[in-house]
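Undergrad: Here it is: the structure, laid out below.
Throughout, read-outs are computed from the coordinates displayed, never taken from laboratory work. Just so it is clear, the structure is predicted and the values come from calculations on it, not from any experiment. Cβ coordinates were reconstructed from backbone atoms using ideal geometry, including for glycine residues, and neighbour counts include every protein chain displayed.
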Amino acid sequence: MGHLVSGPNDIRVYGRAVARAYEEGRDDAGAEDIARRPWLERWPHFIRVREMEFVDGTLGDGVSLGELMDELGAYALGPTAENADRGVGNIDPRQSIRQAAAVRLTEAGASWLEEELDLTFRRCGKVRAEDLPELDWDE
């Protein structure tokens with residue numbers, strides 16, 4: 001789970017979860033959902049998750065994907081690592097991540113992110129499971 005931030009531009013990872021497979025109808029916004037959140041008219045598909053863990057802190061406490069890309073370079077993301085190995089195509093992970101709604105991490109990238117997220121959980125703690133239902137506020 002990440003959020004785009006600026007100053008500096010980055011994606012801060014503040015949690016993780018296991019996504020459920022998309023199911024037509026169940027995972028589509030209905031009229032009531034769209035009335036409550038008008039942006040759902042443009043992006044009407046939900047990503048349902050389970051086994052959520054969120055950092056009990058601020059976005060600033062999250063893990064920087066920029067640092068991951070600085071550390072691993074082209075080998076942070078699957079597409080850029082594959083291009084680097086072939087010697088053809090874009091090898092800049094920042095350019096790659098700007099061009100896709102979702103991008104696959106390499107095994108090294110996923111391992112780096114998991115380690116950093118675990119360190120962050122130890123430092124900041126996790127949002128308590130009983131508090132998770134309260135995270136979807138209307139205000």
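Undergrad: With a ≥ b ≥ c the root eigenvalues of the C-alpha gyration tensor of region 1-95, is it rounded (a/c under 1.5), prolate (a/b larger than b/c) or oblate?
TA: Prolate, since a/c reaches 1.5 and a/b exceeds b/c.
Undergrad: Near residue 62, within a Cβ-to-Cβ distance under 10 Å, what is the net charge of the other residues, with Lys and Arg +1 and Asp and Glu -1?
TA: -2
Undergrad: Which shape class applies to region 47-128: rounded if a/c is under 1.5, otherwise prolate when a/b exceeds b/c and oblate if not, where a ≥ b ≥ c are the square roots of the Cα gyration tensor eigenvalues?
TA: prolate
Undergrad: Picking from 24, 71, 116, which is most flexible by a Gaussian network model of the chain using Cα springs under 10 Å?
TA: Sorting by GNM fluctuation, first place goes to 24.
Undergrad: Pick from 55, 18, 127 the residue whose mean-square fluctuation is largest in a GNM of the chain, springs joining Cα atoms under 10 Å.
TA: 18
Undergrad: Once you list every other residue whose beta carbon is under 12 Å from the beta carbon of residue 110, what net charge do they have if Lys and Arg are +1 and Asp and Glu are -1?
TA: -2
Undergrad: Where the centroid of each part is defined by its Cα atoms, how far is region 50-72 from region 82-99 in Å?
TA: 22
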